[in-house]
Amino acid sequence: MRKFLVVLDDSRECLNAMRFAAMRANRTGGGVAVLSIIPSDEFNHWIGVGDVMREESRERIQAHFEVFAKWMRDKQNVDPELVIREGEPVAEIMAQLQEDPDIGVLVLGANSDKKGPGPLVTQLTKNAGTLPIPITIVPGELSKERLEAIT
């Protein structure tokens, strides 16, 4: 089964990327893999403190994921999987693409402010020609109705 890989982070545009991935998966009989990346530099503390912080990050990610997962299951009939990785975001996305051959599309949300589309979109589109799969960039300002119409 082809899966849509979508990145879960604290950005506003993440919501539209999640919606798009779930809607496309529903309409194409695919799946959704949700990737959340914990920057490894967050845990450069004493070992015990770093372990506690790491566990708190994982719990926060799991809770955030469950909100999206419930909507995907209830509204789109898609049961997403959660993958949590630690490290530099682009490197971890590339590693996930290498490790999961079922991923067919990377879905990213684009920020609509004047600072640009966001660091992941900027970094990954620079090397888009060498990626092993296509990228779908979902504008953060698209309405839910417009998303439904184009998926």
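Coordinate-derived values only; no laboratory data. What you see is a predicted model; the values in this text were computed from it and never measured. Quick reminder, even Gly has a Cβ in these numbers, built from the backbone with ideal geometry, and neighbours come from all protein chains shown.
Details
- Built amide H within the under 5 Å cut-off of Leu131, gap 5+: none
- Label-point separation, Glu145 to Lys126 (7 Å along Cα→Cβ), nm: 3.9
- Scanning residues 5 or more positions from Lys3 or on other chains, those with amide H under 5 Å from its amide H are Gly31, Ile103, Gly104, Val105, with H placed 1.01 Å from N in the peptide plane.
- Set Lys75/Lys126; Lys70/Lys144; Lys3/Lys114; Lys75/Lys114; Lys115/Lys144 screened for pairs whose C-alpha atoms are more than 27 Å apart: Lys75/Lys126; Lys3/Lys114; Lys75/Lys114
- Reducing region 1-23 and region 106-151 to their Cα centroids gives an inter-centroid distance of 10 Å.
- Counting neighbouring Cβ atoms within 10 Å and putting the fewest first, the residues Glu81, Glu59 line up as Glu59, Glu81.
- Pair Asp51, Lys75: separation of 7 Å Cα→Cβ label points (nm): 4.0
- Taken along the Cα-to-beta-carbon direction at a fixed 7 Å, the label points for Leu15 and Glu86 span 3.1 nm.
- Rounded to whole numbers, the Karplus 3J(HN,Hα) couplings from phi for region 139-151 are x, x, 8, 5, 6, 4, 5, 5, 4, 4, 5, 8, 8 Hz, using 6.51 cos²θ - 1.76 cosθ + 1.60 with θ = phi - 60°, and x at Gly and Pro.
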